[in-house]
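Input: a single structure, listed below in structure tokens.
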Amino acid sequence: MGSLTIKIFDNLYEQLVATKKLSDNLILGFFSFFGPFFINVLNLYNEENIKKLITPSGRYIMRVEEKEKGRHHNCFVKSNHCDCPSFAFNFIEFDKQIWCKHLIAAKIALATGQFSIKAISDYEYSEVFQHTFIK
Ligand SMILES: [Zn+2]
């Protein structure tokens with residue numbers, strides 16, 4: 001994705017951060033940006049199944065549950081990375097879309113504060129980090 005498309009997303013995201021609310025206008029904005037793909041994001045976000053796993057040192061992982069599929073994915077939001085196969089296929093290898101639905105849902109949840117919190121140890125964080133980045 002080029003820098004113009006990133007700017008369009010950033011503009012919508014800044015509005016979201018400022019208002020902390022996913023308003024109808026913002027939903028429309030994201031929908032015109034992402035297309036029907038954004039419905040998948042909304043489905044994840046609406047189920048309130050996003051957890052922020054925080055370590056004592058303040059590092060965090062956003063964990064997005066897909067309950068109907070009985071699995072979850074871990075997103076490292078600051079480095080724009082998710083451990084799902086879709087992310088690896090679409091983003092890293094082919095650059096078809098800027099991020100996967102988990103990463104976008106996690107970003108929206110962070111901006112609006114709609115997530116639950118779970119404490120994890122620094123060791124657990126390292127385990128997930130290794131599993132995600134060193135395969
Ligand atoms: Zn993902």
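Mind counting the residues in the range 1-40 that are in a helix (DSSP H, G or I) and farther than 21 Å from residue 86 by Cβ?
Here is the first cut: in the range 1-40, the ones in a helix (DSSP H, G or I) are 3-19, 24-34, 37-40.
So of that shortlist, the ones also farther than 21 Å from residue 86 by Cβ come out as 3-4, 7-8, 10-12, 14-19, 24-29, 32.
Matching residues across the range 1-40 total 20.
Considering only residues that are at pLDDT below 90 and not in a helix (DSSP H, G or I), look in the range 41-73 and name the one that is nearest to the ligand (Cβ to nearest atom). Give the derivation first.
Let us first name the residues in the range 41-73 that are at pLDDT below 90, namely 46-49, 67-69.
From the residues that got through so far, the ones that are not in a helix (DSSP H, G or I) too are 47-49.
On the way: 47: 15, 48: 18, 49: 13 Å.
That would be 49.
Are there any pairs, at least 6 apart or on different chains, whose C-beta atoms fall under 7 Å, with the first in the range 50-62 and crowded, with 16+ Cβ neighbours inside 10 Å and the second basic (Lys, Arg) and in a strand (DSSP E or B), and if so, which?
51/63; 51/118; 53/63; 53/118; 60/52; 62/52
Assuming residue 123 fulfils every condition listed in (1) aromatic (Phe, Trp, Tyr); (2) away from the ligand (no atom under 12 Å from the Cβ); (3) in contact (Cβ under 8 Å) with a residue 12 or more places away in the chain apart from one, which condition is it?
(3)
Go through 91, 76 for me and flag whichever is more than 13 Å from the chain's Cα centre (by Cα), within 15 Å of the ligand (Cβ to nearest atom) and crowded, with 18+ Cβ neighbours inside 10 Å. Even if it seems obvious, please write down each step before you answer.
Values: 76 fails: more than 13 Å from the chain's Cα centre (by Cα).
Exactly one of 91, 76 is more than 13 Å from the chain's Cα centre (by Cα), within 15 Å of the ligand (Cβ to nearest atom) and crowded, with 18+ Cβ neighbours inside 10 Å, namely 91.
The values are calculated or read from the model by the stated rules, or taken from the named source; none is laboratory data. Fair warning: this is a prediction, and the values are worked out from it, not measured in the lab. Every residue, glycine among them, receives a Cβ derived from its backbone with ideal geometry; neighbour counts consider all protein chains shown.
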